Protein chains: 2
Amino acid sequence: MPTPDDAPNAVNPDYWQFANAAASRISQEFPECDVTANRLFVTLFRASSSVIYDFESSIHRPAGGTWASYRMLFALWVAGPLTPHRAAELMGMSRAAVSNLAGNLESKGLLVKQASEADGRSLILHLTDTGQTKIQEVFARQNSRENDWSQALTEQERELLISLLDKIMDHRTAIGAKTRK
Amino acid sequence: MPTPDDAPNAVNPDYWQFANAAASRISQEFPECDVTANRLFVTLFRASSSVIYDFESSIHRPAGGTWASYRMLFALWVAGPLTPHRAAELMGMSRAAVSNLAGNLESKGLLVKQASEADGRSLILHLTDTGQTKIQEVFARQNSRENDWSQALTEQERELLISLLDKIMDHRTAIGAKTRK
DNA sequence: GGCAGGTTGTTAGACCTTTTATTACCTGGT
DNA sequence: ACCAGGTAATAAAAGGTCTAACAACCTGCC
């Protein structure tokens with residue numbers, strides 16, 4: 001017969017225990033600190049990394065890819081051929097990361113690098129037919145899993161969550177947030 | 001005189017352009033797909049990685065650390081001495097990642113590994129005095145930056161966002177989401 | 001034309017994370 | 001007492017990310 005202290009039915013005992021301990025500890029040590037803000041970004045990070053971990057381990061690794069490789073193929077699929085520079089902007093990563101990623105995907109035959117005619121420094125990344133087929137297959141499974149996760153919320157809550165996250169993104173310039181070059 | 005097409009004052013032109021292109025492309029290719037769900041998780045990932053990038057590049061790297069090392073020191077600060085196993089649970093990462101991280105932090109003199117008396121296999125991670133001082137300094141700056149970001153939202157919106165993200169976290173078990181062991 | 005300064009993709013070095021395998025240790029049934 | 005099976009931390013290999021430095025290339029100004 002479990003006592004209340006055992007909390008046997010708590011949904012995320014580790015997470016809650018940690019979040020509560022954190023709030024209590026920091027407000028005791030720093031009475032002036034912003035507990036809600038801390039809780040907000042701890043929660044944002046936790047939610048994001050939990051969801052991505054599920055996507056990667058249940059879909060992309062079994063399919064022979066990674067989360068990063070999925071993002072790259074998805075970007076090329078929805079935006080068409082891109083320079084590495086533009087791909088980096090769209091995906092929010094460094095040019096070096098794109099270079100590394102493109103090398104791996106090229107060696108798997110999922111994309112090709114084509115020299116730009118207009119600019120001798122530049123390349124254009126294209127999906128191969130294999131890459132095109134691959135991203136369509138993988139996206140179908142990814143989107144199905146996104147749907148599973150989104151059942152946590154009502155349609156209205158989903159729109160609300162998107163708009164709150166967009167509000168945070170839009171605030172970047174106001175606070176001079178560092179962004180990848 | 002800029003035309004509307006130039007969209008010179010758009011807040012996140014790359015982000016919006018990409019999100020819109022994605023929605024249009026996938027719904028055209030997969031009429032049955034869940035565009036809102038896709039938008040939701042693309043947005044979640046973008047927001048999380050943008051915020052973390054700002055934290056890491058504006059606070060933790062200049063202080064000689066990383067986002068991961070901050071999280072580890074923070075966990076030990078708020079929860080007290082922990083076994084690597086427990087630290088991994090609280091931070092939501094693998095035991096191997098904790099082992100690696102603890103090694104780096106130990107070599108910087110920020111924590112020590114103490115052999116457990118109860119179990120010959122186990123360790124207990126402790127902050128050193130240096131580590132204690134360090135996390136308090138760094139947390140003050142981190143929390144100040146969290147406050148800057150949170151100004152994007154009203155107090156009510158912050159609570160709402162936390163509760164929506166918690167709802168997603170709570171949904172993990174219902175869909176059998178993969179979690180780190 | 002020529003050259004200074006900026007841009008493009010790449011590489012090197014440092015760190016992080018995961019999965020898989022390994023070693024040391026504990027625990028419970030015989 | 002013993003041994004099979006499980007658990008704790010670690011190591012190895014593969015991949016990803018960043019910054020900084022690089023060579024190749026472009027551009028604009030003289």
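Per the listing B:LYS113, B:LYS134, the residue uniquely away from DNA strand D (no atom under 12 Å from the Cβ), of a type in the set (D, E, K, R) and open to solvent by 30 Å² or more (accessible area, probe 1.4 Å) is B:LYS134. Failed condition for B:ARG46, given (1) more than 7 Å from chain A (Cβ to nearest Cβ); (2) within 28 Å of B:LEU101 (Cα to Cα), with all others met? Result: B:ARG46 fails condition (1) only.
Restricting segment A:59-109 to residues that are in a helix (DSSP H, G or I) and among the polar types (S, T, N, Q) leaves a set whose member that is surrounded by the fewest Cβ atoms within 10 Å (Cβ to Cβ) is A:SER107. Of all residues in segment B:161-181, those satisfying the criterion of being of a type outside the set (D, E, K, R), closer than 17 Å to A:ARG158 by Cβ and open to solvent by less than 60 Å² (accessible area, probe 1.4 Å) are B:LEU161, B:ILE162, B:SER163, B:LEU164, B:LEU165, B:ILE168, B:MET169, B:HIS171, B:ILE175. Restricted to segment B:74-87, and to residues there that are touching a strand residue (DSSP E or B) at 6+ places or on another chain (Cβ under 7 Å), in contact (Cβ under 8 Å) with a residue 40 or more places away in the chain and not β-branched (Val, Ile, Thr), the residue that is nearest to DNA strand D (Cβ to nearest atom) is B:PRO84.
Let's see how each residue does on (1) more than 11 Å from the chain's Cα centre (by Cα); (2) without any contact (Cβ under 8 Å) to a residue 24 or more places away in the chain; (3) outside the structural domain of B:ARG141 (by TED's automatic domain parsing):
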residue: B:ILE26; (1), (2), (3): yes, yes, yes
residue: B:THR36; (1), (2), (3): yes, yes, yes
residue: B:VAL42; (1), (2), (3): yes, yes, yes
residue: B:ASP54; (1), (2), (3): yes, no, yes
residue: B:SER57; (1), (2), (3): yes, yes, yes
residue: B:TYR70; (1), (2), (3): no, no, no
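Checking each residue of segment B:116-124 against the condition of being open to solvent by less than 60 Å² (accessible area, probe 1.4 Å), closer than 30 Å to A:THR36 by Cβ, near DNA strand D (Cβ under 9 Å from one of its atoms) and touching a strand residue (DSSP E or B) at 6+ places or on another chain (Cβ under 7 Å) gives no match.
Of the set (1) facing chain B (nearest Cβ under 7 Å); (2) closer than 30 Å to B:ILE135 by Cβ, all apply to A:ALA79 but (2).
The values are calculated or read from the model by the stated rules, or taken from the named source; none is laboratory data. If you're wondering where the values come from, they're calculated on a predicted model, not measured in any experiment. Heads up, the Cβs are rebuilt from the backbone with ideal geometry, glycines too, and the neighbour counts pull from every protein chain shown. The area values use the complete protein model at the heavy-atom level, side chains included, leaving out ligands, DNA and RNA. Shrake-Rupley method; radii C 1.70, N 1.55, O 1.52, S 1.80 Å.
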